[in-house]
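Okay, structure first, notes after.
Throughout, read-outs are computed from the coordinates displayed, never taken from laboratory work. Computed from a predicted structure; not experimentally measured. Cβ coordinates were reconstructed from backbone atoms using ideal geometry, including for glycine residues, and neighbour counts include every protein chain displayed.
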Amino acid sequence: MRRRLSTTGRVPLLPAPKRWHDWPEPNWRWPVVIVAFGAVLPVAVAVALSPFPIIAVVLVLLSPSGRSAGLAFLAGRVVGVALIVVLVAAISDLLERSEDAAPIVALLRLLVGAALVVLAVWKWRGRPRTAADSALPAWMGAIEGSSPAGAARLAFLLSVANPKELLLGVGAGVTIGSAGLPLAATLTVAAGYTVIACLSVLVPVGVFVVAGERIRERLNEVREFLVRHNTAIMSVVLLVIGAALIGGGLADL
């Protein structure tokens, strides 16, 4: 990094870093990235545990065009998850640069966290009481006949139009954008977040591409388990992530 001189020409000064353009000192690169990634890792795991994309990808893989449709579903999932977190991180970073806007970022964390807690309570109160109540939504019945293009569209919509996943993505984007990272570090953390968040789709698609029909029965078992227990799992996950975001928002006020 080149040094610049003060107006007196005697005292060497370092240029002020631009968060989205200059890396910090080399020894700080990976620790900063690791800390930021650690902050969004629980959110990425929560997104990965979201049951609807997992159930949907299982149904897609069980369709006649399972291999190509599964790969298309994975592509749509990755694009949807990455789009939300990168867009929100960019907006959050712009707000964070202004001291007057810092409370706005903290308030946004509080609102997203509160919304996740409310959603967790609502899902828990509406959880199925019997096996008959655990049936899939009617619209999911048409997934097994999806074309690759239809599978990609479905995955994208499940990532950006599902309120639960949207709130989680916004929470992750706010956390990354408010970390004061340069552009390369921000994209690195966002990429890591996207990979973890998409693992629950990436793994079954990858296994199906390799093993094919040999795992069809196991996929059905996974689908049935998620249909029975998805509400309880997601209620707990949403409550924990919501509480963490509320705590972070209060600390930033």
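A few comments on the model shown:
- Using R0 = 35 Å, the C-beta based FRET efficiency linking Arg97 and Val240 works out to 0.70.
- Residue among Ala39, Val86, Leu59 farthest towards the positive dipole end of segment 28-252, charges placed on Cβ: Leu59
- Charge-dipole axis of segment 28-252 as Lys and Arg at +1 and Asp and Glu at -1 on Cβ define it, positive-most pick from Ala251, Leu158, Pro148: Pro148
- In this simple spin-label approximation, His229 and Trp124 carry label points 7 Å from Cα along the Cα→Cβ vector, and these lie 1.8 nm apart.
- In plain terms, the chain from Val195 to Ser147 could stretch by 14.9 nm, reckoned as 0.36 nm per residue minus the Cα-Cα distance.
- From the Kirkwood radius over Cα pairs of segment 28-252, Stokes-Einstein at 4 °C and 1.567 mPa s returns a whole-number translational diffusion coefficient of 72 µm²/s.
- Spin-label model, Glu217 to Leu83: label points 7 Å out along the Cα-to-beta-carbon direction sit 4.0 nm apart.
- 3J(HN,Hα) from dihedral phi, segment 87-92, Karplus parametrisation 6.51/-1.76/1.60, rounded to Hz, x for glycine, proline: 5, 5, 4, 5, 5, 4
- Segment 34-84 shape via C-alpha gyration tensor axes, a/c threshold 1.5: prolate
- Note on Leu157 and Trp30: with the Förster distance fixed at 35 Å, the Cβ-Cβ geometry gives a FRET efficiency of about 0.50.
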